[in-house]
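The values are calculated or read from the model by the stated rules, or taken from the named source; none is laboratory data. These figures come from a predicted structure and were not determined experimentally. Because the Cβ atoms are built from the backbone with ideal geometry, glycine has one as well, and the counts that use them run over all protein chains shown.
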Amino acid sequence: MAGRKPKPKAKLKIASLGGLDEIGKNLTVLEYGNDIMIIDCGLAFPEDDMLGVDLVIPDVTYLTKNIDKVRGIVLTHGHEDHIGALPYILKQINVPVFGTLLTLGLLENKLREHKMLDKTVRHTVVPKERVNLGQFNVEFIHTNHSIADAVALAIHTPIGTVVHTGDFKVDYTPLDGDVIDLQRFAELGKEGVLLLMSDSTNAERKGYTMSEKSVGKVFEKIFEDTPKNRIMVATFSSNIHRIQQVVNAAHMYDRKVAIIGRSLVNAVKTASELEYLTIPSSTLIDIGEIKNYPDEKLCIITTGSQGEAMSALSRISMNEHRQVSVKPEDKIIISASAIPGNEKNVIRVINELLKKGANVIYGDMEEIHVSGHARQEELKLMMALTKPKFFMPVHGEFMHLSCHRDLAISMGIDKKDIFVMKLGEVLELSRNEARINGTVPAGQVMVDGLGVGDVGNIVLRDRKHLSQDGLIVVVVTMDRENGTVIAGPDIISRGFVYVRVAEDLMDEAKKVVAEALQKCEEKNITSWNYIKGVIKDSLKNYFWQKTKRSPMILPIIMEV
């Protein structure tokens, strides 16, 4: 198709604003001439040093500057790290969104919460369908993942075809019976693939990822082996197939199912309405009804598989949940692997549950979780089928991307044709060449409460300072005309020392401030900013000498 057209002058540019050298906030930009399309728009969860931050979303400065070129956002599936930032980003770039039925159903829950539903144009697509976004012709290809309705993309451009796998694995026995469309990937390989962008999350792991169906057998065995006790299962709210298998096992052993956790309740409601989840009406009960049934007749599905502080399982473990408390011999299954960085939180929850006498199944104790991401043999299969001219690993930390690069080299792809990219770097492609050429703005925007982007590095630095060394407030009342001290100094300490135990230290600190003010008065200094600086410096030196700590010092001068 491309061969019959005159040689295009424009080059295809690809940049990731999220999802490289990190887990989460996936967002990829493709630009050709005057057209830009976006693949996914996800969030990441804050790291330990992001004190008080709720979520992290991509920096889309480049897109807002080029908003007249943006033709649409295409979604590969409905996980948070692929759709979670959309309510925030759509407020800045209101363009049409394309996704499969379940993906858009989960997105609509978010848009409704943000009062964005009526303002967002949404287009439902199905596998094998194609849509035009300017000069991009986007084809949707069915794949398997840990959520239903996942797709890969074949993006047909004037200079060649780009295949973006999305998150995928090769599951020959998926729960819905709909196997990944390997035939289409092979056809694309025969037609010629310019660039393959492939999921790197499990690139370190050898072999194949197990089928989701294997988990169902394990659940059935656990239910069979637990005839007398209550069963709780914690899993990702978006893992509809996992939820279905828990429901199937509960129904088989005549247990009622109650759902807790807002995100899980919303996901189950949406998936049931769209017929991706089948729960017999007699099986599902409201969480308030569990007191009406004996333990051996109950199964509770809950959020909190990542140990999140406000999740249902975490609150249950701390005896803070209003409707559910742990009973000795409860069987609690954590059916998920910990996202990197969440391990401590998960262990904390497990410890609390065990202390209360629960029987907790987690990690490798049973095959209660399988990944949604391809391992090495599946990744090699994808390369073998698509036979790309150029290769760019996506979605993962640097160690995942570099492992994927080594796999590609082992498959015969030339090292110079493989691009392990950084956030913001631009890959520029023509029909026969690819090179890294320049950068676009990329980074992290932090969401804290209702504030988006108003918490930056300086605010985080202050929070870190406060969390480590505390705060000292110095209050002085001074004469506006001549700069003499009328009252004070008074010193208030928060998070630095316990004042009642350190009265001598604080009395001495007052003398240090008084002496500093006396010197200013003798020199006829009346600049409040200068005086504040003198107070800060004198106290800082004094506290460091006495305590080897540097609290944040906040001088307040009252004028009269």
If you take the residues of region 61-80 that are within 19 Å of the chain's Cα centre (by Cα) and not aliphatic (A, V, I, L, M), which of them is surrounded by the fewest Cβ atoms within 10 Å (Cβ to Cβ)?
E80
In region 426-435, how many are in a strand (DSSP E or B) and surrounded by fewer than 16 Cβ atoms within 10 Å (Cβ to Cβ)?
1
Looking at Q92 and the list (1) out of contact with any helix residue (DSSP H, G or I) (no Cβ under 6 Å at 6 or more places or on another chain); (2) under 15 Å from L17 (Cβ atoms); (3) not aliphatic (A, V, I, L, M), which single condition is not satisfied?
(1)
Yes or no: region 355-367 includes at least one residue that is under 21 Å from F168 (Cβ atoms), in contact (Cβ under 8 Å) with a residue 60 or more places away in the chain and of a type in the set (V, I, T).
no
Qualifying residues in region 381-425 (those that are under 21 Å from the mean Cα position of the chain (by Cα) and part of a helix (DSSP H, G or I)) - the one nearest to S198 (Cα to Cα)
L401
Quick check on region 317-334. Is at least one of its residues assigned to a helix (DSSP H, G or I), farther than 21 Å from T226 by Cα and in contact (Cβ under 8 Å) with a residue 24 or more places away in the chain?
no
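Condition check ((1) of a type in the set (S, T, N, Q); (2) crowded, with 23+ Cβ neighbours inside 10 Å; (3) under 25 Å from S146 (Cα atoms); (4) not assigned by TED's automatic domain parsing to the domain that holds C41) across all residues:
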residue	(1), (2), (3), (4)
H82	no, yes, yes, no
G99	no, yes, yes, no
L102	no, yes, yes, no
V121	no, no, no, no
K128	no, no, yes, no
So V163 clears everything in (1) closer than 15 Å to H373 by Cα; (2) in contact with a helix residue (DSSP H, G or I) (Cβ under 8 Å, 6 or more places away or on another chain); (3) among the aliphatic types (A, V, I, L, M) except one condition, right? Which one?
(1)
Among the residues in region 247-262, are any modelled with pLDDT under 90, hydrophobic (A, V, I, L, M, F, W, C) and in contact with a helix residue (DSSP H, G or I) (Cβ under 8 Å, 6 or more places away or on another chain)?
no
Within region 23-64, which residues are at pLDDT 85 or above, more than 27 Å from G160 (Cβ to Cβ) and not aliphatic (A, V, I, L, M)?
K25, D59, T61, T64
Pick from region 357-386 the residues that are charged (D, E, K, R) and crowded, with 18+ Cβ neighbours inside 10 Å: which of them is farthest from G207 (Cα to Cα)?
E378
Residue within region 142-156 that is surrounded by fewer than 24 Cβ atoms within 10 Å (Cβ to Cβ) and over 24 Å from the mean Cα position of the chain (by Cα) present
yes
For K344, indicate whether it is among the charged types (D, E, K, R), assigned to a helix (DSSP H, G or I) and surrounded by fewer than 22 Cβ atoms within 10 Å (Cβ to Cβ).
yes
Pull out all pairs, ordered by first then second residue, where Cβ-Cβ is under 6 Å, the residues are six or more apart or on different chains, the first lies in region 101-123 and is farther than 14 Å from C41 by Cα, and the second is assigned to a helix (DSSP H, G or I) and not aliphatic (A, V, I, L, M).
G105/T270; N109/N266; H114/P87; M116/P87
Residue list for region 507-522, restricted to those being of a type in the set (A, V, I, L, M) and either at pLDDT below 75 or more than 12 Å from I492 (Cα to Cα) (or both):
V512, V513, A514, A516, L517
Please enumerate the residues belonging to region 357-381 that are charged (D, E, K, R) and over 13 Å from H404 (Cα atoms).
D364, E366, E367
